[in-house]
Structures are given as structure tokens and as C-alpha cells.
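Participant: What follows is a single structure, and I will ask about it in a moment.
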Ligand code: DQA
């Protein structure tokens, strides 16, 4: 099974960025743990702060991979284009968030990803990604 974890803007700062919300582990360290634990999955990771690069990656893997775990960061709440990209590809996407976006500011309650996603997992810290992987399995 081929799965891509796709992270959007500012998620490269995990470990340093608002640790009280997002925790103190870097994504790279977490990804190494995930790869060891789920060694039967062909697991890939890509992060970009650039909206178009995220869309290009969705197009690149969206007709061959078995699943995409997407944390689009703040683009979740703004990007019609990422929502459209998910609509246009075949690979199912699970939307994830580290924090419980519904318990935060109102602007985080809107998602352009969710209407086109297989499901949404939010609020479980980095475990949100693991729950998404388990769902694909
Ligand atoms: C986030 C929630 C978003 O609202 C925020 O802009 C992020 C991270 C999360 O994982 O909790 O960058 O997607």
C-alpha cells in the first residue's frame, strides 16, 4: 500500500512552532517512528509552504497512490484550489489536523478540504496522522 503524508504551510516548524498547541516533536522525527511502526506501508512524505506545490503533488500521486493523508494547515480554511484538486484526483484523501480546529477560532471551522475528503481527523496531536493511516489499512 502506497500512502503519501502531505503537509502544508508552517508545518515544517513543528517542534518549534506554538508547542503548547502543536507539541514539541519535529515532523521528521515523528515520520521516522511512523515508518518503523508501519513498515508494511510504502510511506512517503512531502511538505510545502507553497499552495501550487501542494496541488502539483496531489496531481502527481493522485492517480497511483492508495491514499493521501493531508494536513493543509491554514490553506484548509482558504484554498478552493486545493479542494478542487482533491475533487479531480482518484486517490482518497483523509484530512487531518493536529489541533481540534473546531475548538479554536471561527475561521478554522471552515474547510475546503472536508467536502471532498473521505473523512476528517482532528485534535489528537500527531496521533491524528496515525489514525488516518490505520483507517487506510
Ligand atoms: C492545523 C490547524 C490549522 O488551522 C492551522 O492553520 C495549522 C495547523 C493543525 O494541524 O492543527 O497550520 O492544520
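The values are calculated or read from the model by the stated rules, or taken from the named source; none is laboratory data. None of these values were measured; they are calculated from a predicted model. So basically every Cβ, Gly included, is an ideal-geometry build from the backbone, and we count neighbours across all protein chains shown.
Participant: Those residues that are within 11 Å of residue 129 (Cβ to Cβ) and either assigned to a loop (DSSP other than H, G, I, E, B) or away from the ligand (no atom under 16 Å from the Cβ) (or both), I need them from the stretch 15-33; list them, please.
Facilitator: 33 - this is the single residue of the stretch 15-33 that is within 11 Å of residue 129 (Cβ to Cβ) and either assigned to a loop (DSSP other than H, G, I, E, B) or away from the ligand (no atom under 16 Å from the Cβ) (or both).
Participant: OK, next. Could you please let me know if residue 7 is near the ligand (Cβ under 10 Å from one of its atoms), surrounded by 17 or more Cβ atoms within 10 Å (Cβ to Cβ) and modelled with pLDDT of 95 or more?
Facilitator: yes
Participant: Next up: Quick check on this structure: which one of 102, 77, 97 is touching a residue at least 24 places away in the same chain (Cβ under 8 Å) and over 23 Å from residue 37 (Cβ atoms)?
Facilitator: 77
Participant: Let me ask something additional. I'd like to know if the stretch 42-65 contains one or more residues that are under 18 Å from residue 21 (Cα atoms) and either in contact with a helix residue (DSSP H, G or I) (Cβ under 9 Å, 6 or more places away or on another chain) or surrounded by 17 or more Cβ atoms within 10 Å (Cβ to Cβ) (or both).
Facilitator: Checked against the condition, which is being under 18 Å from residue 21 (Cα atoms) and either in contact with a helix residue (DSSP H, G or I) (Cβ under 9 Å, 6 or more places away or on another chain) or surrounded by 17 or more Cβ atoms within 10 Å (Cβ to Cβ) (or both), the stretch 42-65 yields no hits at all.
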